[in-house]
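Enquirer: There's a structure below that I have some questions on.
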């Protein structure tokens, strides 16, 4: 069945795509905010941010690893809510190093102040489980989350909220819930999307996606590295144990994926092949 389009309202609160962003969706009571860490003070007058809600903190570590922390915040006796919790994360960077590196917060709440502890607990748990399953980001939550006990009616309502939130967080640029090797199956056959690179030293599988090329978990890469390989790819290779990929990896081009696997500079269009033995160049010229 063909998916229907969605009408998403994206408001640039500061008139700048790099500033604060507010998102709403037609016929949805939810409200989402994307807030750069340096802009938290500008949000003190936002009523929705004094409510209960769930938030994501995104950043990049010293090791160039994308990470996310997923938390919840309830309304407080002092009349504050989500924003107050974000300010605490901004000030308190002791003990947990990642707190120094987060750059942006994405907040989900409602326009009608309808979230209580039950709702935010359920959402926090399911957002965390979805993020962990996708393996896109390192999840920095130190404690396991708990979905709590809810009625089936409430569960249905919150699952619908999650569906909308997944759309919006993707629009905001974070594919935290989408696995790297997930292919948009419109008229494509999954098996035919797999490309192979094999010789006596390597055995790798690759999939083309809308973001680039995904080298699949379990691929075996060469132990050898030649001078023609870029320093960035050498650093990436240093993270691979025993020359076997333990997780999917995304590359911007098919050639960069080939270089990573083989350990030297090469044109990936000539070496990646489908099951029938056609090179990527032949597939795209046919």
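A short reminder: the numbers here are calculations on the coordinates, not readings from a lab. Quantities reported herein were computed from a predicted structural model and do not represent experimental measurements. Here the Cβ positions follow ideal geometry from the backbone for every residue, glycine too, while neighbour counts run over all protein chains shown.
Enquirer: In the set 259, 220, 226, which member is touching a helix residue (DSSP H, G or I) at 6+ places or on another chain (Cβ under 8 Å) and farther than 23 Å from residue 66 by Cα?
Expert: The conditions single out 220.
Enquirer: Taking the residues in region 229-281 that are part of a loop (DSSP other than H, G, I, E, B) and touching a strand residue (DSSP E or B) at 6+ places or on another chain (Cβ under 8 Å) as candidates, determine which candidate is surrounded by the most Cβ atoms within 10 Å (Cβ to Cβ).
Expert: Filtering first and then ranking leaves 272.
Enquirer: Out of (1) assigned to a helix (DSSP H, G or I); (2) touching a residue at least 60 places away in the same chain (Cβ under 8 Å); (3) under 19 Å from the mean Cα position of the chain (by Cα), the odd one out for residue 98 is which?
Expert: Exception for residue 98: condition (2).
Enquirer: Quick check on my filter: what residues within region 107-145 are out of contact with any helix residue (DSSP H, G or I) (no Cβ under 6 Å at 6 or more places or on another chain), closer than 28 Å to residue 47 by Cβ and part of a strand (DSSP E or B)?
Expert: Scanning region 107-145 gives a single hit, 110.
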